[in-house]
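Laboratory data are not the source of any read-out in this text; all were calculated from the coordinates shown. Note that the coordinates shown come from a computational prediction; the quantities given were computed from them, not determined experimentally.
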Amino acid sequence: MLEQFLKIWKDKDVRNKILFVLGMLAVFRIAAHIPMPGVDVENLKRFFSSNQILGLVNVFSGGAMASFSIVALGVAPYITS
């Protein structure tokens, strides 16, 4: 298995694609911690914890709904539809 991974890693095109995907995942996770300006995050967290269905939506969004992060605006329509 390690030999197969090393063989894949030696291919420059595949290596660049893997690094790009990992980089984009890191950027997405960092952006998930940036709240929207003007939103009281503490009140929003209390609101989501008071309702079980909204808490479930928050779990499916990876916690991005409770912090109302920038990336929650792009992810939320796919989760709720």
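Brief remarks on what is shown
- Alpha-carbon Debye profile of the range 2-80, log10 I(q)/I(0) at 0.11, 0.14, 0.23 Å⁻¹: -0.43, -0.58, -1.01
- Value at 222 nm in deg cm²/dmol, rounded to 500, when DSSP H runs of n ≥ 4 in the chain each add -39,500 (n - 2.57): -21500 deg cm²/dmol
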